[in-house]
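The structure appears right after this line, and notes come after that.
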Number of protein chains: 2
Amino acid sequence: MLYVIGLGLGDAKDVTVKGFEIIRKCDRVYLEAYTSVLTVGHETLEKFYGRPVIVADRELVESGADEILAEAEVKKVAFLVVGDPFGATTHTDLVLRAREKGVQVQVVHNASILNAVGCCGLQLYSYGEVVSIPYWIENWEPDSFYDKIATNRERGLHTLCLLDIKVKEPTLESILKRKKDYMPPRFMSVAEAADQLLKIVERKIEAGEKGLAFTGDSLAVGLARVGADDQRIVACSLREMIEADLGPPLHCLVVTGPILHPLEAEYLLQYATDKEKFEEMTKQKESP
Amino acid sequence: MLYVIGLGLGDAKDVTVKGFEIIRKCDRVYLEAYTSVLTVGHETLEKFYGRPVIVADRELVESGADEILAEAEVKKVAFLVVGDPFGATTHTDLVLRAREKGVQVQVVHNASILNAVGCCGLQLYSYGEVVSIPYWIENWEPDSFYDKIATNRERGLHTLCLLDIKVKEPTLESILKRKKDYMPPRFMSVAEAADQLLKIVERKIEAGEKGLAFTGDSLAVGLARVGADDQRIVACSLREMIEADLGPPLHCLVVTGPILHPLEAEYLLQYATDKEKFEEMTKQKESP
C-alpha cells in the first residue's frame, strides 16, 4: 500500500490527524525534498512521527520509483510531500505507476500555496493561471512568464508566481568529471523575482513596446514562509520589491490585477510598506 | 484570541494536528456551515474534539460577528471552516474585523478544492480562473461563467467550476410572512451543472454563434466528495455528464482545456466512463 501524504506548509504539526496516524503505522517513510521545503528539518519529523524518515531527492524518486513501488506491494509505504500531493508532476506520475502495478494508493490532502496564498487577502477566485519564475543563467533568460502575468492582468486577474528552487543541482565541474558534487541549495527570493521581472519590463520598453500590462510601478505582494509562525507579507510596487528582505525560504510573489476589490485593498493595506503610497496606488480605478 | 482553522475536505480527521490541538484548548468553537460541508455531521466533530460545537449559519456569522469577536477579546475562540480559511469572502472579512478590534488572530491552513482537484490528474498549473455556477431560478438565468470557461479554454487552460450550495435559504412564503421558515438544503450536482452549461451552448447555437470554445462534445470531469473515502471521479463529454449520478454532495465540475498533456490523459483515463471514446477524444490534437 502506498500512502501519498501532504504535509502542508509550516512545521511538523501541519500534517493532518489522518496523515499522522497513517505515518505512524507505516513500515517505511520517504520525504520528497526537492520541490518544496518545510520550516523544520527531517530530524524534527522523525522525532514527531517516531519513525525513521528517508529523504528522497529527485534522483531517488525518479530512478528509484520501482524500488519504492516494489516495497509498497508488500509493505505500508508513506511518501510525504510538502504542501499537497498533487502539486508536482512527479507525484502524479508515481501514483499512476503504482496503480499500473496494482499497488493500492491512498492520498491524504493538505494545504498548498495555491490556496494558502489567500492569507494576503486577495480573493482566490480572482487569480488567473499560476506561473513559475526560473532562475536565469548565462545564455538562458526565458521571459514567457511575463506574458502570462500580462494576460491575467488584462483579464483583471491576479497572478501567483512560484519561485525557483534548486536543490541538489550537480555542479558543472562534477558533470564533466562524472563525480557527484552538488551546488548549495538556492531558493529564489521575492527580491530576485522582482529584479528579473523588472529587467524584462526594461527590455520591452527599450524595444519600443507601448501600453505594457504591468511595469515597475505595479502593485506586488511578497510572501515568505506562508503558514509558518514567522510568515511575512509585504505589499509595495514591483520596483520597491527588489529591496525587500523577507528572510529564509520559501518565498512567492503575487502580481495583482489592475483593480482591487475594496475588501482586498482594505485587507492588504496592513501589509503595505508605505500605507500612504499604497492607498494612492489602489484608490485609482486602475493601478498603473 | 481568534483561531480560524481549516478542516480540509473529508471527515473529522482531516483537521491538522496543529488545528486539533488548538480546538481542544478553546473555550468556544464555531463551525461555519453555509459555504461548504464535510462528510460528517457536527455531532461527530463534537465527539472527536471533546468540545461542544456551535453551528454558525450565514446569519450568525454576518450579523453575530461582533458577538463572536467580543468573546475572542477575552477567551480562546475557534472558528472552523471546511476547506481552507480563505476560501470565502466572509472569513476574510471576519479576520479583518478581528484585527481592527485588536483581537489576535491565528490562521491554520488546510486543503481546499482549489488544490485537491489535482486528484483527477489535470495539472494544477494548467487551470485558469475559477468559476461559480449558480442555480438558475425563474427569470434569473445568468451565463457569464460560460464566457470565463471559454476564455480559459482559448488560452489552453482547464476550468474548475464550483457548484452552488443553498443552505438555510428562507422560503418565499416565510419572507412574505416575516416568519423564519427554510427550504431544504440543496447542493448542485455535476449533472445539474452540465445541464445548465448545455442549455447555454444551445442558446448560443440558436442565436447563430459560430466557433464556440466548447460544446456538449467537450471533455468534462465530474468530482464528488474529493478527499473523502468514497470520493468519485468521472470523465466524459459534457453531454454525457447530464446522466452522471455521483451520489451525495459536494460535487464540482472541471471543463478541460482543448489539449491534454500526455500524462494528464493517461491519468484521467482511469476515470473515463467509456475508455475507447475517451481515447478518441483526447488523441486528437484539439478535443472538440
Take the residues in the stretch A:203-218 that are out of contact with any Asp or Glu (no Cβ under 9 Å at 6 or more places or on another chain) and closer than 26 Å to A:ASN115 by Cβ; name whichever of them is surrounded by the most Cβ atoms within 10 Å (Cβ to Cβ). A:PHE214
From the list B:GLU21, B:GLU46, B:GLU59, pick out the single residue that is surrounded by fewer than 20 Cβ atoms within 10 Å (Cβ to Cβ), more than 14 Å from chain A (Cβ to nearest Cβ), without any contact (Cβ under 8 Å) to a residue 40 or more places away in the chain and in a helix (DSSP H, G or I). B:GLU46
Output for Cβ contacts, cut-off 7 Å, separation at least six or different chains, first residue modelled with pLDDT under 95 in the stretch B:226-246, second charged (D, E, K, R), reads B:GLY227/B:ASP14; B:ALA228/B:ASP11
Flagged in the stretch B:112-155 as surrounded by fewer than 23 Cβ atoms within 10 Å (Cβ to Cβ) and among the small types (Gly, Ala, Ser), in numbering order, are B:SER126, B:SER132, B:SER144, B:ALA150
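Kindly indicate the residue of the stretch A:69-106 that is assigned to a strand (DSSP E or B) and more than 14 Å from A:LEU7 (Cα to Cα) and also nearest to the other protein chains (Cβ to nearest Cβ) among those meeting that condition.
Going through the stretch A:69-106, the residues assigned to a strand (DSSP E or B) turn out to be A:77-81, A:83, A:105-106.
Keeping just the survivors that are more than 14 Å from A:LEU7 (Cα to Cα) gives A:77, A:105-106.
On the way: A:VAL77: 19, A:VAL105: 11, A:GLN106: 9 Å.
Applying the filter and picking the extreme gives A:GLN106.
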Can you tell me how many residues in the stretch B:127-142 are of a type in the set (A, V, I, L, M, F, W, C) and within 14 Å of chain A (Cβ to nearest Cβ)? 3
From A:ALA235, A:ALA244, A:ALA228, A:ALA224, which residue is assigned by TED's automatic domain parsing to the domain that holds A:LEU162, closer than 30 Å to A:LYS13 by Cβ and in contact with a Ser or Thr (Cβ under 6 Å, 6 or more places away or on another chain)? A:ALA228
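Out of the stretch B:109-126, which residues are touching a residue at least 60 places away in the same chain (Cβ under 8 Å), facing chain A (nearest Cβ under 7 Å) and not in a loop (DSSP other than H, G, I, E, B)?
In the first step, residues of the stretch B:109-126 are kept if they are touching a residue at least 60 places away in the same chain (Cβ under 8 Å); the result is B:109-113, B:116-117, B:119-123, B:126.
From what is left, the residues that are facing chain A (nearest Cβ under 7 Å) are B:109-112, B:116, B:119, B:121, B:123.
Within the stretch B:109-126, B:ALA116, B:CYS119 qualify.
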Filter the stretch A:156-175 down to the residues that are surrounded by fewer than 19 Cβ atoms within 10 Å (Cβ to Cβ) and within 11 Å of chain B (Cβ to nearest Cβ) and list them by number. A:GLY156
What about A:ILE200, is it surrounded by 15 or more Cβ atoms within 10 Å (Cβ to Cβ) and assigned by TED's automatic domain parsing to the domain that holds A:ALA224? yes
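How many of the residues making up the stretch A:271-288 are of a type outside the set (D, E, K, R), part of a helix (DSSP H, G or I) and modelled with pLDDT of 95 or more?
Residues that pass the stated criteria total 2.
Filter the stretch B:238-270 down to residues that are of a type in the set (Val, Ile, Thr) and part of a strand (DSSP E or B) and give me whichever is surrounded by the fewest Cβ atoms within 10 Å (Cβ to Cβ).
Within the stretch B:238-270, the subset of a type in the set (Val, Ile, Thr) is B:242, B:254-256, B:259.
If we keep only those that are part of a strand (DSSP E or B) as well, we get B:254-255.
Numbers: B:VAL254: 23, B:VAL255: 27.
Among residues in the stretch B:238-270 that are of a type in the set (Val, Ile, Thr) and part of a strand (DSSP E or B), the one surrounded by the fewest Cβ atoms within 10 Å (Cβ to Cβ) is B:VAL254.
Quick check on this structure: which one of B:THR16, B:THR35 is more than 16 Å from B:VAL77 (Cβ to Cβ), more than 19 Å from the chain's Cα centre (by Cα) and within 13 Å of chain A (Cβ to nearest Cβ)?
Being more than 16 Å from B:VAL77 (Cβ to Cβ), more than 19 Å from the chain's Cα centre (by Cα) and within 13 Å of chain A (Cβ to nearest Cβ) holds for just one of B:THR16, B:THR35, which is B:THR16.
Of all residues in the stretch B:24-43 being out of contact with any Gly (no Cβ under 8 Å at 6 or more places or on another chain) and in a helix (DSSP H, G or I), which is nearest to B:LEU163 (Cα to Cα)?
Step one: of the stretch B:24-43, the residues out of contact with any Gly (no Cβ under 8 Å at 6 or more places or on another chain) are B:25-34, B:37, B:40-43.
Right, trim to in a helix (DSSP H, G or I) and you get B:25, B:42-43.
Values: B:LYS25: 35, B:HIS42: 22, B:GLU43: 26 Å.
Among residues in the stretch B:24-43 that are out of contact with any Gly (no Cβ under 8 Å at 6 or more places or on another chain) and in a helix (DSSP H, G or I), the one nearest to B:LEU163 (Cα to Cα) is B:HIS42.
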Can you name the residue in the stretch B:1-18 that is buried (at least 22 other Cβ atoms within 10 Å of the Cβ) and hydrophobic (A, V, I, L, M, F, W, C) and, of all such residues, is farthest from A:ALA228 (Cα to Cα)? B:LEU9
Out of (1) surrounded by fewer than 21 Cβ atoms within 10 Å (Cβ to Cβ); (2) within 13 Å of chain B (Cβ to nearest Cβ); (3) over 16 Å from A:GLN123 (Cα atoms), the odd one out for A:ASP274 is which? (2)
So which residues in the stretch A:144-176 are under 19 Å from B:LEU124 (Cα atoms) and in a strand (DSSP E or B), if there are any at all? A:HIS158, A:THR159, A:LEU160, A:CYS161, A:LEU162, A:LEU163, A:ILE165
If A:GLN104 meets every condition in (1) more than 30 Å from A:GLU73 (Cβ to Cβ); (2) out of contact with any His (no Cβ under 6 Å at 6 or more places or on another chain) apart from one, which number is that one? (1)
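In this structure, is A:ASP143 in contact with a helix residue (DSSP H, G or I) (Cβ under 6 Å, 6 or more places away or on another chain) and charged (D, E, K, R)?
yes
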For the stretch A:1-13, enumerate the residues that are within 12 Å of chain B (Cβ to nearest Cβ) and hydrophobic (A, V, I, L, M, F, W, C). A:VAL4, A:ILE5, A:LEU7, A:LEU9, A:ALA12
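Taking the stated definitions as given, is A:ALA235 surrounded by fewer than 22 Cβ atoms within 10 Å (Cβ to Cβ), among the small types (Gly, Ala, Ser), under 18 Å from A:ASP195 (Cα atoms) and within 20 Å of the chain's Cα centre (by Cα)? Let's see the steps before the verdict.
Values: surrounded by fewer than 22 Cβ atoms within 10 Å (Cβ to Cβ): no; among the small types (Gly, Ala, Ser): yes; under 18 Å from A:ASP195 (Cα atoms): yes; within 20 Å of the chain's Cα centre (by Cα): yes.
No; evaluated as a whole, the condition is false for this residue.
When the stretch B:1-23 is examined, which residues are found to be of a type in the set (Phe, Trp, Tyr) and touching a Gly at 6+ places or on another chain (Cβ under 9 Å)? So that I can check it myself, show each step before the final result.
Here is the first cut: in the stretch B:1-23, the ones of a type in the set (Phe, Trp, Tyr) are B:3, B:20.
Across the stretch B:1-23, the qualifying residue is only B:TYR3.
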Where B:VAL221 falls short, out of the listed (1) surrounded by fewer than 22 Cβ atoms within 10 Å (Cβ to Cβ); (2) touching a strand residue (DSSP E or B) at 6+ places or on another chain (Cβ under 6 Å); (3) within 14 Å of chain A (Cβ to nearest Cβ): (1)
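The values are calculated or read from the model by the stated rules, or taken from the named source; none is laboratory data. Predicted model, so just to flag it, every value in this text is computed and none were measured. So basically every Cβ, Gly included, is an ideal-geometry build from the backbone, and we count neighbours across all protein chains shown.
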